[in-house]
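Everything on this sheet refers to the single structure shown next.
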Amino acid sequence: MTGSGDARTVALVTGANRGIGLEVARQLARRGMTVVVGAREAAKGEGAAGELASEGLDAHAVVFDVADGASVGRLAEEIEARFGRVDVLVNNAAAFADWTETVSGADLENARTVLDINLFGAWRVTQALLPLLRRGGRGRVVNVSSGAGSHGEPYFGLASGPSAASYAVSKAALTALTSKLAVELDGSGILVNAVDPGLTATAPGMEEMGARPIPEGASSVVWAATLPDDGSTGGFFRDGEPLPW
Ligand SMILES: NC(=O)c1ccc[n+]([C@@H]2O[C@H](COP(=O)([O-])OP(=O)(O)OC[C@H]3O[C@@H](n4cnc5c(N)ncnc54)[C@H](OP(=O)(O)O)[C@@H]3O)[C@@H](O)[C@H]2O)c1
């Protein structure tokens, strides 16, 4: 049972070797889930899974790059062989853009890389794992988006300024992808939502900018990963509250 954290629930979190992803994996594991820690470097993945295991949690590392189709294809095969299915998929991995990046001045190769990780990375991983998500019949897909891709965020949102253009565009597109997939999967038992963790202190100096502690940002994500069967789908939320986008 996804919502109640049955011990057999399998959750994969991408980009889970640090930051919000690692804490999402921790919080899901504390609910009794088997968590699969996605990382693009083996040592980082093993380190993070080892950290969770040392806390008595059921955590396992998998190595893949969300921007690499072959790598994601191998991931699906590995997950099927080791765990048989996926109940919760948290598309958390992301690349950030320089805050000085504008639409007019952006290096489009850099912008393409940001979109390839943040938008197509989530799309690629979701496509690859959908057959395994369908197996349990009640999966949860959580796309970790951002207020940066929303018109509802007054300080960092789409209308707040020209900076970090490719990141903002990637997150707006990720939220749109969420909506389209939710419609496609309506009635399947799989709930698909986008979540903004809110400004969260995952890098030095962010607390001084007013960012909140990592466990708070992560719990915003965990909310959508543990929705009951009659929970929302196709929405964009922060701390369980709908956000405009
Ligand atoms: N922090 C905030 O204030 C904030 C606010 C709104 C939304 N968000 C969103 O929340 C999520 C987590 O943010 P965060 O601050 O925790 O980020 P973070 O600390 O920078 O961690 C990003 C994670 O993504 C991984 N990653 C990057 N590119 C990857 C790729 N190609 N394949 C696989 N993994 C890849 C990184 O791996 P490496 O360690 O190998 O680099 C790392 O594990 C992101 O989606 C972000 O956009 C964050």
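Values in this text are rule-based calculations from the coordinates and carry no lab data. All figures in this text were calculated on a predicted structure; none of them were measured in a lab. With ideal geometry, Cβ positions are generated from the backbone for all residues, glycine too; neighbour counts draw on all protein chains shown.
Cα-Cα pairs above 22 Å in the chain: how many percent?
That tail contains 49 percent of the Cα-Cα pairs.
Dimensions of segment 111-245 along principal axes (Cα, Å, largest first)?
Sorted from largest, the Cα extents of segment 111-245 read 44, 31, 25 Å.
Quick one: which residues, 5+ away or cross-chain, put their amide H under 5 Å from the amide H of Gly235? H built at 1.01 Å from N.
HN-HN under 5 Å from Gly235: Ala194.
Each residue of segment 15-23 in order: what ³J(HN,Hα) in whole Hz does its phi give by Karplus 6.51 cos²θ - 1.76 cosθ + 1.60, θ = phi - 60°, with x for Gly and Pro?
x, 9, 7, 7, x, 5, x, 4, 6
So how far apart, in nm, are the two label points at Glu241 and Thr100 if each is 7 Å from Cα heading toward Cβ?
Those two pseudo-labels are separated by 3.6 nm.
Sticking with the crude label model, points 7 Å out along Cα→Cβ, report the distance from Glu109 to Glu80 in nm, one decimal please.
It works out to 3.6 nm between the two label points.
From the residues Gly105, Asn91, Ala81, which one has its Cα farthest along the dipole of segment 77-127 in the positive direction, the dipole being from +1 and -1 charges on Cβ of Lys/Arg and Asp/Glu about the Cα centre?
Ala81
Can you give me the angle between helix 42-54 and the longest principal axis of the chain, using Cα atoms only, in degrees from 0 to 90, rounded to the nearest 10?
Its long axis makes an angle of about 60 degrees.
Relative to the Cα centre, what is the charge dipole magnitude of segment 62-178, using +1 at the beta carbon of each Lys and Arg, -1 at the beta carbon of each Asp and Glu, and rounding to the nearest 20 debye?
I would put it at about 660 debye.
Using a Förster distance of 41 angstrom, determine the FRET efficiency expected from the C-beta separation of Ala70 and Arg212, and round it to 0.05.
Efficiency, rounded to the nearest 0.05: 0.65.
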